[in-house]
Amino acid sequence: MAEFALRNISNPVVMAILNVTPDSFFSGNRWNGQELFKNKVITALNDGAEILDVGGYSSRPGAEDVSEQEELNRVSKAIEIIRSVSDSIPISVDTFRSNVVRSVVKNFGQIIVNDITAGELDSKMLETVAQLGTPYIAMHMKGTPQDMQQRCDYNNIINELDSYFANKIELFNQLGITDFALDPGFGFAKSTQQNYELLSQLHKLTHFGVPLLVGISRKSMIYRILNSTPEDALSGTIALNWESLRQGAKILRVHDVKPAVECVRLFNYFSRNNND
């Protein structure tokens, strides 16, 4: 597989969420066996996904903890299936555990590390990423998936995220981590109102000069406003993905690849023809 670099992303791309967990908040993305997972992989690729994001540990609010070995088993199974379909698609592993990263890289080669804690919950994560030279996605969150929604206290959310990422980037520079993207962490230690406040000012985080990843697909910030469910939140997801692109997002992390790819195509056309 050719080396993939997050820093080379200039036009928006779509990352497909392929969870290997039985308890994802969106029922359509739960593990239902190898054959169905393989079909999801094929569909995501055919629909235009440019990155496949594999998660073996559910990070929904209040999710149960999963052992490191169980997470590794789930992720490895998923990557084996993906590689049986494509030997070139970049794979992102949604994990905050450095041992999972080391094992996956040893067994499967280069991956992208998608860390919801930006190194906060595993003191060896950043040094592991630096040693292995893996592309790294650093997300903002406070606490853990089990208690994060009790930690929604901010004086100024965009200023606090700006400071948080500035400190992280300084640390990355010290460690020699050069290929990374930033994820503001919609839905992680943020209330519904705070999520929209963050979205309205997302462009203020583009000054770091690295890709911004936005993961709002079917989240509660959508379905609570619409008085619906994750299963009925696709149209809301598309609407907010457009706004995310307008605010400067370069990676859309989604459950539904085709609508997101079409959103990106329309946004690109609109931008090319309305840039004055």
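Could you go through the range 82-89 and let me know if any residue there is among the aliphatic types (A, V, I, L, M), open to solvent by less than 60 Å² (accessible area, probe 1.4 Å) and over 20 Å from the mean Cα position of the chain (by Cα). There is at least one residue in the range 82-89 that is among the aliphatic types (A, V, I, L, M), open to solvent by less than 60 Å² (accessible area, probe 1.4 Å) and over 20 Å from the mean Cα position of the chain (by Cα). Determine which member of the set Phe172, Phe186 is open to solvent by less than 20 Å² (accessible area, probe 1.4 Å), modelled with pLDDT of 95 or more, closer than 23 Å to Glu64 by Cα and of a type in the set (Phe, Trp, Tyr). Just one listed residue meets the conditions, Phe186. Residue pairs whose Cβ atoms lie under 8 Å apart, separated by 6 or more positions or on different chains, with the first residue in the range 65-86 and more than 15 Å from Pro22 (Cα to Cα) and the second surrounded by 18 or more Cβ atoms within 10 Å (Cβ to Cβ) and of a type in the set (Lys, Arg), are Glu68/Arg97. Listed by first and then second residue, the pairs with beta-carbon distance under 8 Å, at least 6 apart or on different chains, first residue in the range 33-52 and closer than 18 Å to Asn73 by Cβ, second charged (D, E, K, R) and open to solvent by 60 Å² or more (accessible area, probe 1.4 Å), are Gln34/Lys77.
How many residues, within the range 42-56, are modelled with pLDDT of 95 or more and open to solvent by less than 20 Å² (accessible area, probe 1.4 Å)? Give the derivation first.
The initial filter retains those residues of the range 42-56 that are modelled with pLDDT of 95 or more, namely 42-54.
Next, only the ones that are open to solvent by less than 20 Å² (accessible area, probe 1.4 Å) stay: 44, 49, 51-54.
Residues flagged as modelled with pLDDT of 95 or more and open to solvent by less than 20 Å² (accessible area, probe 1.4 Å) within the range 42-56 amount to 6.
I'd like to check something: does the range 221-231 contain any residue that is over 22 Å from Cys152 (Cβ atoms) and touching a residue at least 24 places away in the same chain (Cβ under 8 Å)? Taking every residue of the range 221-231 in turn, at least one turns out to be over 22 Å from Cys152 (Cβ atoms) and touching a residue at least 24 places away in the same chain (Cβ under 8 Å). The single condition among (1) of a type outside the set (S, T, N, Q); (2) touching a His at 6+ places or on another chain (Cβ under 9 Å); (3) surrounded by fewer than 24 Cβ atoms within 10 Å (Cβ to Cβ) that Ala118 does not meet is (3). Name the residue, out of Ser67, Ser59, Ser103, that is surrounded by fewer than 16 Cβ atoms within 10 Å (Cβ to Cβ), over 23 Å from Thr178 (Cβ atoms) and small (Gly, Ala, Ser). Only one candidate qualifies: Ser67. As for the range 139-152, it holds no residue that is open to solvent by less than 30 Å² (accessible area, probe 1.4 Å) and among the β-branched types (Val, Ile, Thr). Pairs under 6 Å by beta carbon, first residue without any contact (Cβ under 8 Å) to a residue 12 or more places away in the chain and under 23 Å from Ser200 (Cα atoms) in the range 162-187, partner surrounded by 14 or more Cβ atoms within 10 Å (Cβ to Cβ) and of a type in the set (A, V, I, L, M), six or more apart or different chains? Partner pairs satisfying both residue conditions: none exist.
The values are calculated or read from the model by the stated rules, or taken from the named source; none is laboratory data. All values derive from a computational prediction rather than experimental measurement. Counting neighbours? That spans all protein chains shown, and the Cβs are built from the backbone with ideal geometry, glycine included. For the accessible areas, the whole protein counts, side chains as well, though only heavy atoms, and no ligand, DNA or RNA atoms are used. Shrake-Rupley method; radii C 1.70, N 1.55, O 1.52, S 1.80 Å.
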